[in-house]
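The values are calculated or read from the model by the stated rules, or taken from the named source; none is laboratory data. What you see is a predicted model, and the numbers here were worked out from it, not measured in a lab. Here the Cβ positions follow ideal geometry from the backbone for every residue, glycine too, while neighbour counts run over all protein chains shown. Just the protein is used for accessible areas: all its heavy atoms, side chains included, with ligands, DNA and RNA removed. Shrake-Rupley method; radii C 1.70, N 1.55, O 1.52, S 1.80 Å.
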Amino acid sequence: MDKRTFLTELARELSMLPEEDVRRTVAYYEELIDDRMEDGMAEAEAVAAMGTPAEVARQYLLELPLPALMQEKMKTRKRMGGISILMILLGFPLWFPVLISIFAVVFSVYLTLWAVVLSFFAVVLALAVGAAGCVLAAVVLPFAGRFALMLTSLGTGFGLAGFTILFWFVSVWSAKGVLWLSKVTVRGLKKFLIRREAA
């Protein structure tokens, strides 16, 4: 494939975006191809190194923020006929509560996941305070002549410190897990929107 064909197909693949964005992206890839050709690559080789226009466009669309992608998707929607509008209006009492319910369930599950993560960090804080309190008590107790209680308090403080470290790792791992799940969900939604656009 030559450079001109690649850039034309890339512009067609990005046609859902505003013309200015398409022009800027095409110019960027044209410059990349020119740079590779200046470095000694043949035109076909430089174009092949970019990947297919569909792959380049898909990667570009996946890197767009979700709100921007949804906004562009709504702009490029074809005009609906009168029957479609009538069906949407008549079906409103049915589809709107279902849509709200789905949103509420998904949002509450997401909030619950973050509540679990926050509760793990609260446990870490409580264990750390308990460990510090026990160690502090172990320092004070010898002055009161309570050596046996001092050893118990010191052992408990070290035990709580160990649990603090353990729960810290669990808390960080769970927070990373929820962030990863959020990223995967948003990426999946973007892929769905891009696939629907391509169809």
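Around K183, under 14 Å between beta carbons, what's the net of Lys plus Arg minus Asp minus Glu among the other residues? Let's see the in-between values first.
Details: positive: K176, R187, K190, K191; negative: E63.
Summing Lys/Arg as +1 and Asp/Glu as -1 gives +3.
Calculate, for the chain, the solvent-accessible area per residue in square angstrom, rolling a 1.4 angstrom probe over the heavy atoms of the protein chains.
Using a 1.4 Å probe on heavy atoms only, each residue of the chain averages 70 Å².
Heavy atoms only, probe 1.4 Å: what % of the accessible area of the chain goes to carbon and sulfur, would you let me know? Intermediate values should be presented prior to the final figure.
Values: 9940 of 13930 Å².
Ligands and nucleic acids excluded, carbon and sulfur reach 71 percent.
How large is the helix-only mean residue ellipticity at 222 nm for the chain, computed as the sum of -39500 (n - 2.57) over DSSP H runs with n ≥ 4, divided by its residue count, in deg cm²/dmol to the nearest 500? Could the numbers behind the result be given before it?
On the way: 7 runs with 171 residues, N = 199.
Mean residue ellipticity at 222 nm (helix-derived): -30500 deg cm²/dmol.
Among M37, T152, L62, pick out the residue whose Cα is farthest towards the positive end of the charge dipole of the chain, where Lys and Arg carry +1 and Asp and Glu carry -1 on C-beta, about the Cα centre.
Final value for the positive-end residue is T152.
For V140, tell me the accessible area in Å² from a 1.4 Å probe, rounded to the nearest 10.
90 Å²
Given an 8 Å cut-off on Cα distances and at least 6 residues of separation, report the relative contact order of the range 113-181 as a percent.
45 percent
For the range 95-112, just list the computed ³J(HN,Hα) in residue order, Karplus coefficients 6.51, -1.76 and 1.60, θ = phi - 60°, integers in Hz, with x standing in for Gly and Pro.
Taking θ as phi minus 60°, the curve returns 6, 5, x, 5, 4, 4, 5, 4, 4, 4, 5, 4, 5, 5, 5, 4, 5, 4 Hz for the range 95-112.
Give me the number: length gained by fully extending T112 to L136, i.e. 0.36 nm times residue separation minus the C-alpha to C-alpha distance, one decimal in nm.
On the way: separation 24, 0.36 × 24 = 8.64 nm, distance 3.59 nm.
Value of the extension gain: 5.1 nm.
Determine which aspartates and glutamates satisfy two conditions relative to K190: a Cα distance under 14 Å, and not lying fewer than 8 residues away in the same chain.
Leaving aside aspartates and glutamates fewer than 8 places away in the same chain, those within reach of K190 are E63, E72.
Within the set of other residues whose C-beta is less than 12 Å from the C-beta of M41, count the net charge using Lys and Arg as +1 and Asp and Glu as -1.
-4
Which entry is the computed Kirkwood radius over Cα pairs in Å for this structure: [x] 19.0; [y] 22.8; [z] 20.2?
Computed from these coordinates, Kirkwood radius over Cα pairs in Å corresponds to label [y].
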